[in-house]
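The values are calculated or read from the model by the stated rules, or taken from the named source; none is laboratory data. Please read all numbers here as calculations on a predicted model, not as lab measurements. We place every Cβ from the backbone using ideal geometry, glycine too, and count neighbours over all the protein chains shown.
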């Protein structure tokens, strides 16, 4: 016990990784519990159509965020100038400009989007939600520097504090208003409070607008491929919700949103662990001990696969009883959706460490190429799946796309010499067998 405590308090990579994992798990676990609790309450106060409408609004706002992501956080984490005040102020200035641009573009596109989906309420909803993008742009650059140094205690306090207040206001407004504006108010309030707390709680930094030429050149050089890759990631992932909205009625989209929310909770946990622990650890290894990159990556992958895969598989078989227990009869179909989506989540997680190492070594271009392929395959397979098997086919199409992306990621990793092809083959074969078992149960 004493040895573990000493390791936890040290300043080496292992100690930082342990602390980062602890705070990431604590923060995410608390946030997930709060989100699930609020989701259950809101599902009883609001109709499925409200969740469907909000899903469309958030998918376009998220799309604007991701389609303009120039990777300032990743740049600060990996750059040798990541502690330089001029570099940090330049990164923050770009972040502020980006936030204002997203807000303006969201307002401009809100009316055409509402017409496209024949949902008039989307117009005012998107206009108000655009304020959240502006607020996020004002977030302290200390969010990036604390990530660079794997110091997540204060970040966790910022996120949890803003979430508790946001959920409380959202539930009250849902009880009072009984419409989608409860979710809109919560979204804007959460972004505003999180930005404000980041300046108060995180280590102080003297923010001011500055665009130093060398810093901007480095940020744009690295971030231009991040911009493309995050855009493609969105189109092939959460952006698929926009296609769902064109293919199925809004009430079915609302039910699908419930199951998607549950599975994304697990995917986001894995993503946070990789972003908060894996990516900084890989970047630090490359800066200080590049010869250990392969062994560090292998340890991250094996730890991740052991825990994440088991949870996804368990959720696939427990999906229907879980939905029946948590929600009323209006959301019963979400159980069948969730069973397939859980396996899709496992397939997506398999390739995540390979994508992280591409960003750590600075090869954001290859990452963008892989994400472009993922988006194209995901969109095509989703549409094809719908015309073959309806709503279930859409979800299965996403699973097929995730498996293909995993195979491509493993091929790139093997070419660079850090893949574990034996493990990758066993994972893919096992997952395909599980798809067969789950589908057999659903069709029985």
| message | I'm told residue 174 meets every condition in (1) in contact with a helix residue (DSSP H, G or I) (Cβ under 7 Å, 6 or more places away or on another chain); (2) closer than 23 Å to residue 26 by Cα except one. Can you identify the failing condition by its number? | response | (2)
| So, of the residues in the range 153-167 that are more than 12 Å from residue 190 (Cβ to Cβ) and in contact (Cβ under 8 Å) with a residue 60 or more places away in the chain, which turns out to be surrounded by the fewest Cβ atoms within 10 Å (Cβ to Cβ)? | 153
| Taking the range 117-141 as the region of interest, how many residues are over 20 Å from the mean Cα position of the chain (by Cα), touching a residue at least 24 places away in the same chain (Cβ under 8 Å) and assigned to a helix (DSSP H, G or I)? | 5
| task | Kindly check whether there is at least one residue in the range 58-81 that is surrounded by fewer than 23 Cβ atoms within 10 Å (Cβ to Cβ) and at pLDDT 85 or above. | result | yes
| Among the residues listed as 170, 143, 135, 150, the single one being buried (at least 16 other Cβ atoms within 10 Å of the Cβ) and at positive phi | 150
| request: Only residues that are buried (at least 20 other Cβ atoms within 10 Å of the Cβ) and either touching a residue at least 40 places away in the same chain (Cβ under 8 Å) or not assigned by TED's automatic domain parsing to the domain that holds residue 431 (or both): list them for the range 360-390, please. | output: 360, 364, 367, 368, 370, 371, 374, 375, 377, 378, 382, 386
| remark: When restricted to 312, 279, 337, the only residue surrounded by 21 or more Cβ atoms within 10 Å (Cβ to Cβ), free of Cβ contacts under 8 Å to residues at least 60 places away in the same chain, assigned by TED's automatic domain parsing to the domain that holds residue 352 and assigned to a helix (DSSP H, G or I) is 312
| Residue identified as assigned by TED's automatic domain parsing to the domain that holds residue 58 and within 20 Å of residue 102 (Cβ to Cβ) among 180, 125 | 125
| remark: Among the residues of the range 146-170, the number that are closer than 28 Å to residue 79 by Cβ and at pLDDT below 85 is 12
